[in-house]
Amino acid sequence: MADFTKQHVQNLFAQLKLLNVKEFRINFDGGGDDGQIDEIEFFNTNNETFNIPSDTISWVYTELNTTQGEIKPVEQKTTLLKAIEDLGYSMLDEAGHDWVNNDGGYGTIDVLLEGEDGKPSVHMEINIRYTNEDQYDYDDNNFSMFAQGEHLKTEQRQLRDKMMAEWAEQRANRENA
């Protein structure tokens, strides 16, 4: 994946504008230690979706050669679609939310190539999933078979018993009517 600079984004957007792309949306989803960009949708000036060609573009970015300790320019060839996917992953990484681990997350990245002010505009929406749990504690006196004194029914059990008694009473009334 290339390192994105403002120049990379400007070049990428210029190529997309030549293809009549007004806006694109990146849909992503992750969880269980994995995540992916599921779909990239392109919209023209009429807000209609369409596919872009699989043209190859070249990126030039800097790379640190760790054995020689020098920074050198490297050229990488990729498709427009892959470049946008890589841009999406870079933006997700910069957002800093963990959308791939545990319950994960999902969302969209909407990119308008040229807003009313002539500048690109980005809106990312991330929904993080999480498991919630409730804890209940019970002791000896909550269980009739262990109670040393009075059997103390839980609130949930009292409510259930009340509902069952009301149901039984309604049934008996219907049968006697």
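Rule-based calculations on the coordinates, nothing more; no lab input. None of the values given here were measured: they were computed from a predicted structure. So basically every Cβ, Gly included, is an ideal-geometry build from the backbone, and we count neighbours across all protein chains shown.
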Within the range 75-95, the residues whose backbone N lies under 17 Å from a label point placed 7 Å from the Cα of Glu39 along the Cα-to-Cβ direction are 85
Surrounding charge for Glu39, neighbours by C-beta under 12 angstrom, Lys/Arg +1, Asp/Glu -1, total -3
Taking a straight Cα-to-Cα line shorter than 22 Å from Lys153, and setting aside same-chain lysines fewer than 8 residues away, one finds Lys162
Filtering trypsin sites (Lys or Arg not before Pro) in the range 88-170 by DSSP loop and by at most 11 other Cβ atoms within 10 Å leaves none
Rounded to the nearest 0.05, FRET efficiency between Met164 and Gln135 (Cβ-Cβ, R0 45 Å) equals 0.95
Given pairs Lys22/Lys72; Lys17/Lys82; Lys17/Lys72; Lys72/Lys119 and cut-off 23 Å on Cα-Cα distance, the over-length ones are Lys22/Lys72; Lys17/Lys72; Lys72/Lys119
The long-range amide H neighbours of Glu23, using H built 1.01 Å from N in the peptide plane and a cut-off of under 5 Å, are Phe43, Leu113
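Could you give the length gained by full extension between Gln15 and Ile128, i.e. 0.36 nm per residue of separation minus their alpha carbon distance, to one decimal place?
Here the segment from Gln15 to Ile128 would lengthen by 37.4 nm.
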Row for the range 6-128, column shape: gyration tensor on C-alpha, a ≥ b ≥ c, rounded if a/c < 1.5 i.e. under 1.5, prolate if a/b over b/c, else oblate; value oblate
So the angle from the long Cα axis of helix 155-176 to the longest Cα principal axis of the chain, reported in degrees to the nearest 10, equals 60 degrees
Protection proxy (average C-beta count within 10 Å per residue), highest first, orders 46-53, 14-21 as 14-21, 46-53
